[in-house]
Each structure stands twice: as C-alpha cells, then as structure tokens.
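Remarks on the structure that follows.
Any read-out appearing in this document is the output of simple, stated calculations on the displayed coordinates, not a laboratory observation. Keep in mind it's a predicted model, so treat the numbers as computed, not measured. As a convention, Cβ positions derive from the backbone with ideal geometry for all residues, glycine included, and neighbour counts pool all protein chains shown.
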Amino acid sequence: MDKKVIDNLIDEIRKEKFIPFYYEDSSIRNNIREGNYRLTKLVGTIDYDEDLTARALLKNYVLYAYNSRTDEFFENYSDEILSWQMDKVPLIKNDKEN
C-alpha cells in the first residue's frame with residue numbers, strides 16, 4: 001500500500017470515525033498497516049480504491065484498533081468478511097458435459 005493511499009485513509013478515518021487529533025497519525029498509520037496485513041492474508045492483494053468493501057473493513061478495523069478491540073472486530077464483522085472473501089473466489093466452472 002503506497003503512502004498516498006495511507007494518507008488519504010488517515011484523513012478519511014479521522015473524519016468518519018471521529019478519531020481525535022491527539023491520537024497521532026503515526027498510530028493510525030500503524031493500525032492501517034496492521035489491518036492491511038491481516039486483510040490481505042485473507043484474500044491476497046487489495047486495491048482499496050476499487051474494493052470499497054475492503055476499504056470499509058479496513059477503516060472499521062482501525063476504529064477497533066483505536067479502541068484496543070481488534071479481536072472483537074473479527075467477531076463482529078465475520079459475516080461481512082466471509083461474504084467479501086467469497087466474492088473474491090473465482091467460480092468453479094465445469095466445462096465438461098455430464
């Protein structure tokens with residue numbers, strides 16, 4: 001994930017999730033990097049500009065990290081994460097006629 005994407009996410013997260021300004025950008029940046037790592041382990045490479053579900057999940061992950069509740073994030077978002085993962089898996093097609 002490049003610096004520009006991270007910087008844009010920091011601004012978005014601060015505004016949308018009401019993260020106070022005394023919580024340093026470096027902490028949000030670390031939360032983003034950690035969340036990105038954990039999400040990419042589930043589906044591989046993610047384009048956060050195109051994949052809006054992934055973007056929303058990452059922003060919510062950062063909110064949970066800010067509140068020291070990342071374990072609850074995966075519990076509370078398990079259905080959405082599973083649905084997102086299933087959307088990423090290509091459908092298996094049987095080209096042979098039975």
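Structure above, values below:
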{"read-out": "Simple Cβ-charge dipole of the chain, Lys/Arg +1 and Asp/Glu -1, about Cα centre, in debye nearest 20", "value": "220 debye"}
{"read-out": "Cleavage-rule hits (GluC sites (Glu not before Pro)) in region 1-84: DSSP loop, at most 16 neighbouring Cβ within 10 angstrom", "value": "Glu24, Glu50"}
{"read-out": "Helix 52-66 axis, angle to the chain major axis (alpha carbon atoms, nearest 10°)", "value": "40 degrees"}
{"read-out": "Label-to-label distance, nm, for residues given as Glu34 and Phe74 (7 Å Cα→Cβ offset)", "value": "1.3 nm"}
{"read-out": "Candidate values (i) 14, 47, 26, 7, 4, 2, 0; (ii) 16, 52, 30, 3; (iii) 15, 41, 30, 12, 2, label of the one derived for P(r) over Cα pairs in 10 Å bins from 0, in percent", "value": "(i)"}
